[in-house]
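Asks: What follows is a single structure, and I will ask about it in a moment.
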Amino acid sequence: MEALRQQLAQLRQEIDSFPVLQPADAEAFRIRFLGSKGSLKSIMGEMKNVLPEQRKEAGQLLNEIKSYAESVYQQHVDRTAAKTTETNSGIDRSRPGSPQAIGSRHPVTRMKNEIIGIFQKLGFAVAEGPEIEDDWHNFGALNLPAHHPARDMQDTFYVQQNPDWVLRTHTSSVQIREMEKGNLPIRMLMPGRVFRNETISARSHCFFHQVEGLYIDEQVSFADLKQTLYFFVQEMYGKDVKIRFRPSYFPFTEPSAEMDITCFICGGEGCPVCKKSGWVEILGCGMVHPNVLRNCQIDPEKYTGFAFGMGVERPAMLKYGVNDLRLFSENDVRFLRQFPALS
Ligand code: DAH
């Protein structure tokens, strides 16, 4: 019995000192200690020499060392397997992760979404149209026939390959596309990028964004136009802001107006933003001209409607305190990082 004890102590030492660095070593370990011709098997073979009254104790000792060897073997297998994948893939899994830079919405997109969100409360849906337009959608159908002097109100970019194509000068072209579909009534908001041949400066650019609105139904009146835009202004700039309409001219609306709001910077006192007038112009609007409805096969005797168009960059500049229009399109990350993702 004493001899068995010594033998097992010896075996335990061998188990502990057996070098296992890779999976093949773990297999060698298994063969050496746990295999059918391994050390444990041969010691078990000697059980017959143990006195019968000592067999129980000897059996226990053997079982102990066997499960010990098995657990050490399992550890070797796990450890060497994990190590291989690490070395094979060349990835050091213990390295700390690298932080991912999270992008955020562009301030113009943010302002656009804010505008859309307000009109959505009133049931306006959103539609988009192409940036390269034909003359008909950008001008003709909007009551601006060829040689109409009002075409000069907007400096147009023409597409060289086809004299009938232009880069749309306003989102009003999308009104036409919506009306042509003939699904009445229409309550639509049409955001998008527009292009004009203007000198690039802090205050003007050759492209910018507009949001167009259109509401066509039976018995839509100027009162609906006023109330809708008043709701928008209160949601956007606060309950205390007042509005005023100034008569204006757009070929596609009659009557036409420009809408001002009391300056939300100085509250009407007079400041550089409102040029000391106390009022800031924010959009053009009017009742859709009967010719425009006719051009889209809509009966002006039955249907009426209002439309409006507003720029996105200007309110964004005022809201975020941006003093140069060019910053919006230069993609300078130092500028963009000042508008972190909203939490
Ligand atoms: N399209 C005009 C512009 O770009 C803005 C505008 C004015 C749109 C009056 C309208 C409107 O729908 O009714 O200056």
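The numbers here are math on the coordinates, done by the rules we state, and not lab data. What you see is a predicted model; the values in this text were computed from it and never measured. Ideal geometry is used to build each Cβ from the backbone, glycine not excepted, and the neighbour counts take in all protein chains shown.
Asks: Tell me which trypsin sites (Lys or Arg not before Pro) from the stretch 122-198 have a DSSP coil assignment and no more than 15 other beta carbons within 10 Å of their own.
Replies: Hits after loop and neighbour filter: K181.
Asks: Counting helices only, and only those DSSP H runs with n ≥ 4, report the 222 nm mean residue ellipticity of the chain as the sum of -39,500 (n - 2.57) divided by its residues, in deg cm²/dmol to the nearest 500.
Replies: -11500 deg cm²/dmol
Asks: Could you name the aspartates and glutamates in cross-link range of K302, using Cα to Cα under 20 Å and dropping any fewer than eight places away on the same chain?
Replies: E178, E180, D217, E218, D224, E254
Asks: Then there is this: Taking C-beta distances below 4.7 angstrom as the pairing criterion, name the unpartnered cysteines of the chain, in sequence order.
Replies: C206, C285, C296
Asks: Between N113 and Q234, with labels modelled 7 Å along Cα→Cβ, what's the label distance in nm to one decimal, could you check?
Replies: 2.6
Asks: What is the gain in length, in nm to one decimal, between V273 and Q74 on full extension, counting 0.36 nm per residue of separation less the C-alpha to C-alpha distance?
Replies: Extra length available between V273 and Q74 comes to 64.0 nm.
Asks: Classify the stretch 2-88: rounded, prolate or oblate, from the alpha-carbon gyration tensor (a ≥ b ≥ c, eigenvalue square roots; a/c under 1.5 rounded; otherwise prolate if a/b is larger than b/c)?
Replies: Prolate, because a/c is 1.5 or more and a/b exceeds b/c.
Asks: List every residue whose amide H lies under 5 Å from the amide H of F207, counting only residues 5 or more places away in sequence or on a different chain, with H placed 1.01 Å from N in the peptide plane.
Replies: R196
Asks: For the stretch 2-88, what relative contact order do you get, as a whole percent, if you take Cα pairs closer than 8 Å and at least 6 residues apart?
Replies: 37
Asks: Amide H to amide H, which residues 5 or more places from G270 or on other chains are under 5 Å from it, using H placed in the peptide plane?
Replies: Those qualifying (amide H under 5 Å, at least 5 residues apart or on another chain) are G278.
Asks: Suppose we keep just the DSSP beta bridges with both residues in the chain; what percent of those would be antiparallel, to 5?
Replies: Here the antiparallel bridges make up roughly 95 percent for the chain.
Asks: Based on the alpha-carbon gyration tensor of the stretch 107-336 and its eigenvalue square roots a ≥ b ≥ c, which shape applies: rounded if a/c is under 1.5, prolate if not and a/b is larger than b/c, or oblate?
Replies: Oblate is the answer for the stretch 107-336, as a/c is 1.5 or above yet b/c matches or exceeds a/b.
Asks: Convert each backbone phi in the stretch 175-184 into a coupling constant with the Karplus relation 6.51 cos²θ - 1.76 cosθ + 1.60 (shift: θ = phi - 60°), then list the ³J(HN,Hα) values in order as whole Hz, x for Gly and Pro.
Replies: In residue order, the calculated couplings are 3, 4, 4, 6, 5, 4, 5, x, 8, 9 Hz.
Asks: Using the Karplus curve 6.51 cos²θ - 1.76 cosθ + 1.60 with θ = phi - 60°, work out ³J(HN,Hα) for each residue of the stretch 22-36 in order, rounded to whole Hz, and write x for Gly and Pro.
Replies: Each residue's phi maps through the Karplus curve to give 9, x, 5, 5, 5, 5, 4, 4, 4, 5, 5, 9, 10, x, 5 Hz.
Asks: Take the Cβ-Cβ distance between N49 and D25 as r, set R0 to 35 Å, and report the resulting FRET efficiency rounded to the nearest 0.05.
Replies: Taking R0 as 35 Å, the efficiency between N49 and D25 is 0.60.
Asks: Please give every one of the lysines within straight-line cross-link reach of K242, meaning a C-alpha to C-alpha distance under 23 Å, and leave out same-chain neighbours fewer than 8 residues apart.
Replies: K112, K121, K226, K275, K276, K319
Asks: Can you spot the lysines whose alpha carbon is less than 17 Å from K66's alpha carbon? Ignore those fewer than 8 places along the same chain.
Replies: Hits, sequence-local ones excluded: K37, K41, K56.
Asks: Sort 277-287, 313-323, 34-44 by packing, meaning the average of other beta carbons within 10 Å per residue, with the highest value first.
Replies: Result, highest mean Cβ count within 10 Å first: 277-287, 313-323, 34-44.
Asks: Using modelled amide H (1.01 Å from N, peptide plane; none on Pro or chain starts), what sits under 5 Å from the amide H of F157, excluding residues fewer than 5 places away?
Replies: Excluding prolines and chain starts, which carry no amide H, the hits are L167, N197.
Asks: Per-residue HN-Hα couplings for the stretch 58-66, Karplus 6.51 cos²θ - 1.76 cosθ + 1.60 at θ = phi - 60°, whole Hz, x for Gly and Pro?
Replies: 4, x, 4, 4, 5, 4, 4, 5, 5
Asks: Work out the FRET efficiency for H147 and F207 from their Cβ-Cβ distance, taking R0 = 25 Å, and round it to the nearest 0.05.
Replies: 0.45
Asks: Sticking with this one: Can you tell me the length gained on complete extension of the stretch Y249 to S98, counting 0.36 nm per residue apart and subtracting the Cα distance?
Replies: 48.6 nm
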